[in-house]
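A quick write-up on the structure given underneath.
The values are calculated or read from the model by the stated rules, or taken from the named source; none is laboratory data. Just so we're clear, the structure is a prediction, and the values are computed from it rather than from any experiment. Note that we place each Cβ from the backbone using ideal geometry, even for glycine, and neighbour counts take in every protein chain shown. Ligands, DNA and RNA are excluded from the accessible area calculation, which covers all protein heavy atoms including side chains. Shrake-Rupley method; radii C 1.70, N 1.55, O 1.52, S 1.80 Å.
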Amino acid sequence: MKKAAYVWIPTFLGLLILSCKHDPNFPIVDLTEQTGIDKACDPSIIYFEKDVLPLLLSSCAYAGCHDSKTAEDGVILDNYENTIRTGDVDPFNPGNSELYEVLFERGDDQMPPPPDAALTQEEKDLIRDWIGQGAKNFTCASCDTAVFTLTAAVQPMMDSYCMRCHNDSRSDGGVSLQGYAKIKATIDDGSLWGTLTNTGGFPLMPQGAPIPDCELDQVRKWIEKGAQND
């Protein structure tokens, strides 16, 4: 793998990587003040748990690939610690990070492997920018449990965690969540709540990590209100 060129500058300024194999124009932002979950999300920052992890869970960390049980090629991508430990992530340097480079492979080395769809350019850029910002695990206050409509809360959660695997083109387990009618059917038979909470004999979904409590609370409130198409 070709190494990206970089320049050392004085320690008090830190290390700034000046080149990236595919696209050097990832945003450089000041992360020094982003330290706690009480802070509102900054749109210039890529957050691992909010932005990156849902993509890894749906595209990589599933059974038979990079979940903790299979650990294909020794890589586990089901949480931050495992991603950093096994994903060959070089902070600030996407062009030297296997987690990013492998997204451009073809044939047997393509990730995600066929027949799964390749990541979109926007999704690839998301991973690139997260690594380019230092592959940090900052968190932010992005969830408001007072908001629990389908449009404002439930659908965005499903788009992040579920739709890559459960759509009309790829209905893993015979389940599609594309469209309100299909979502409502999983509410009526109890399967959606059962899989999100690992109850009622349903396996935990998404695989690898549960949905954060705040988003789960939004879903619960939406269901209790009647799971309306709101």
| task | Please calculate the 1.4 Å probe accessible area of His66, with all protein chains present, and give it to the nearest 10 Å². | result | 20 Å²
| Which order do Met157, Met205 take when ranked by solvent-accessible area (1.4 Å probe, heavy atoms of all protein chains), largest first? | Met205, Met157
| Derived scalar couplings ³J(HN,Hα) [segment 181-196; Karplus, 6.51 cos²θ - 1.76 cosθ + 1.60; whole Hz; x for Gly, Pro] | 4, 6, 5, 4, 4, 6, 6, 5, 8, x, 6, 5, 5, x, 6, 6
| said: Show me the ranking of peptides 92-100, 77-85, 195-203 by mean Cβ neighbours inside 10 Å, starting with the highest. | reply: 92-100, 77-85, 195-203
| note | Pairs over 20 Å Cα to Cα, from Lys184/Lys221; Lys182/Lys225; Lys124/Lys184; Lys69/Lys184; Lys50/Lys182, come to Lys124/Lys184; Lys69/Lys184; Lys50/Lys182
